[in-house]
Protein chains: 2
Amino acid sequence: MAAVIDIEDPADGRVDDFRDLSDADRRPDLPGRKGSVIAEGVVVVQRMLESRFRPSALLGVDKRYGQLAADLAGVDVPYYRASAEVMAEVVGFHLNRGVLAVAPRPAELAVAELLREARTVAVLEGVNDHENLGSIFRNAAGLGADAILFGERCADPLYRRAVRVSMGHVLRVPFAHLPAWPDGLDLLRDRGFQLVALTPDPSAAHLAAAMTGERVALLLGAEGPGLTERAMAAADVRARIPMTPGTDSLNVATAAAMAFYERVRCDRG
Amino acid sequence: MAAVIDIEDPADGRVDDFRDLSDADRRPDLPGRKGSVIAEGVVVVQRMLESRFRPSALLGVDKRYGQLAADLAGVDVPYYRASAEVMAEVVGFHLNRGVLAVAPRPAELAVAELLREARTVAVLEGVNDHENLGSIFRNAAGLGADAILFGERCADPLYRRAVRVSMGHVLRVPFAHLPAWPDGLDLLRDRGFQLVALTPDPSAAHLAAAMTGERVALLLGAEGPGLTERAMAAADVRARIPMTPGTDSLNVATAAAMAFYERVRCDRG
């Protein structure tokens, strides 16, 4: 059972892991700082408790402790209980979700491990927006994609905003960085994954026709520029979502959702 | 050709329609104020110029005038040219898109008119988040949905943030408010639309199997609560997107995109 410890002084050193979350120079969730992973709100904290991320402490109001009591049974970490005012002084802003958990960053999963049972994975290049990244994980979780792999120039999926937007699914959907880009794609090809590059190019094959592999890796680029030429060249097939002429490409997380949906469309009818 | 008028004094009354865009008490885009429609950035301004929204004026830096010159040929409105600093003083914040257009709100389209040629429409209930609303319009434009209808308790699609997130597609995808809710759905049923209610309920039919109508109206509720019971009762069929157990429902704009995709999936292969 988590030990409840009341915090009355916002300067109390025991809650330093939650301090100044909005201060870009000191944020504990930046890899250059402590690189801690922060979960916000009851649902995301619950997902953290069920994940490989082991919280070292929680900070929250009394009401949230009540809502988490069952989840915290058997979890040996301190629950720093504070008023909303004290919490706001510690974290640097008013936090309407009322509870936070902090976990150290565990070692990253091995690519080979994460591919073992996977049927559908997304491989991201240049997705440097935390909100898009969080949404991709949320959509992957909801639509049954098995893992996310990172190529080059992607944002940190464990940044606080990404964790929040993903509704905690960055803690559950396995992810790893490829050791080289785009050469690391060979790790997927060697395991029989069909490499499908998503593009708005009208000359590409229709998404539904392109994804023929039993195992599929979807290559997704940043909104706007899309995949680089060399990523595109490394793919087995280029696929497009059918779009109305004269409109913009879809948001990258929406495009990913469409492809994940297409993968489960027939399976789970 | 738009007349270029240089503005050097931020207090100049001629740019009052662009004043204090970030001030919630005075924003010109609130229906309770002037209800003006504001387009931001070159792409969205271009979409406004191609739409039924007739701008009454533009405010922008010299560089953006150059980029819009061809679009503004034959458009008889003033282009108030100002420095980035003067613009920032007028609108109340630094605007990195560098150009704005303002248009009065035209009369809303008639529901009957907008349904005449439509094959796929979305009907929204309780979608009160401007970002979700904007994304729904963007996805409708991209994936070929023909119109958006509003039931009860939806946000204003012409609010500045919704216009921006939609990338200007709220100005192009036709929309209208149903005269009654949910009784106004009869207007759709009378025209042969199949009314399909989207729900995360696992007992509902698979999306791909449910949408059998030649004409389909997709009923979408707010994230979280979803459609109300009475909206659900007014539908012909309940449809679900196949989801992994234990995950959250998708974002409403993502769910809409999936359904729009399903509608065009076979058409445009």
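The values are calculated or read from the model by the stated rules, or taken from the named source; none is laboratory data. If you're wondering where the values come from, they're calculated on a predicted model, not measured in any experiment. Using ideal geometry, Cβ is built from the backbone for each residue, glycine included, and neighbour counts are taken over all protein chains shown. Heavy atoms of the whole protein, side chains included, go into the accessibility calculation; ligands, DNA and RNA do not. Shrake-Rupley method; radii C 1.70, N 1.55, O 1.52, S 1.80 Å.
For B:ASP129, the conditions (1) modelled with pLDDT of 95 or more; (2) open to solvent by 20 Å² or more (accessible area, probe 1.4 Å) are fulfilled apart from (1). Remark: A:LEU143 matches the filter, which requires a residue to be crowded, with 22+ Cβ neighbours inside 10 Å, hydrophobic (A, V, I, L, M, F, W, C) and within 15 Å of A:VAL121 (Cβ to Cβ).
Yes/no per residue for (1) of a type in the set (Lys, Arg); (2) in a loop (DSSP other than H, G, I, E, B); (3) modelled with pLDDT of 95 or more:
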site: A:SER22; (1), (2), (3): no, yes, no
site: A:ARG27; (1), (2), (3): yes, yes, no
site: A:GLN46; (1), (2), (3): no, no, yes
site: A:ALA70; (1), (2), (3): no, no, no
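When B:LEU227, B:LEU171, B:LEU198, B:LEU250 are checked against the criterion of being open to solvent by less than 10 Å² (accessible area, probe 1.4 Å) and not acidic (Asp, Glu), a single residue qualifies: B:LEU171.
Here B:LEU100, B:LEU109, B:LEU114 are screened, and the one residue that is in contact with a strand residue (DSSP E or B) (Cβ under 6 Å, 6 or more places away or on another chain), farther than 21 Å from A:THR254 by Cβ and assigned to a loop (DSSP other than H, G, I, E, B) is B:LEU109. The residues of the range B:55-82 that are touching a helix residue (DSSP H, G or I) at 6+ places or on another chain (Cβ under 9 Å) and open to solvent by 50 Å² or more (accessible area, probe 1.4 Å), listed by number, are B:SER56, B:GLN67, B:ASP71, B:ARG81. One residue alone among A:ALA73, A:ALA110 is under 30 Å from A:GLU214 (Cα atoms) and in contact (Cβ under 8 Å) with a residue 40 or more places away in the chain, and that residue is A:ALA110. All conditions in (1) outside any helix (DSSP H, G or I); (2) away from chain B (no Cβ under 14 Å); (3) of a type in the set (A, V, I, L, M) hold for A:VAL173, with the sole exception of (2). Determine whether A:ALA162 is in contact with a strand residue (DSSP E or B) (Cβ under 6 Å, 6 or more places away or on another chain) and open to solvent by less than 10 Å² (accessible area, probe 1.4 Å). Criteria not met by A:ALA162. Across the range A:135-164, the number of residues qualifying as assigned to a helix (DSSP H, G or I) and under 18 Å from A:VAL102 (Cβ atoms) comes to 5. Considering only residues in the range B:90-120 that are open to solvent by less than 30 Å² (accessible area, probe 1.4 Å) and touching a Lys or Arg at 6+ places or on another chain (Cβ under 8 Å), the one that is nearest to the other protein chains (Cβ to nearest Cβ) turns out to be B:THR120. Highlighted here are the helices (runs of 4 or more DSSP H) found entirely within the range A:186-269 that include at least 2 residues which are within 14 Å of chain B (Cβ to nearest Cβ) and at pLDDT 90 or above: A:207-210, A:252-265. For the range A:201-224, the tally of residues that are under 17 Å from B:ARG265 (Cβ atoms) and loosely packed, with under 15 Cβ neighbours inside 10 Å stands at 3. The residue pairs whose first member lies in the range A:138-151 and is among the basic types (Lys, Arg), whose second member is buried (at least 24 other Cβ atoms within 10 Å of the Cβ), and whose beta carbons are closer than 6 Å, counting only pairs six or more residues apart or on different chains, are A:ARG138/A:SER166; A:ARG138/A:HIS169.
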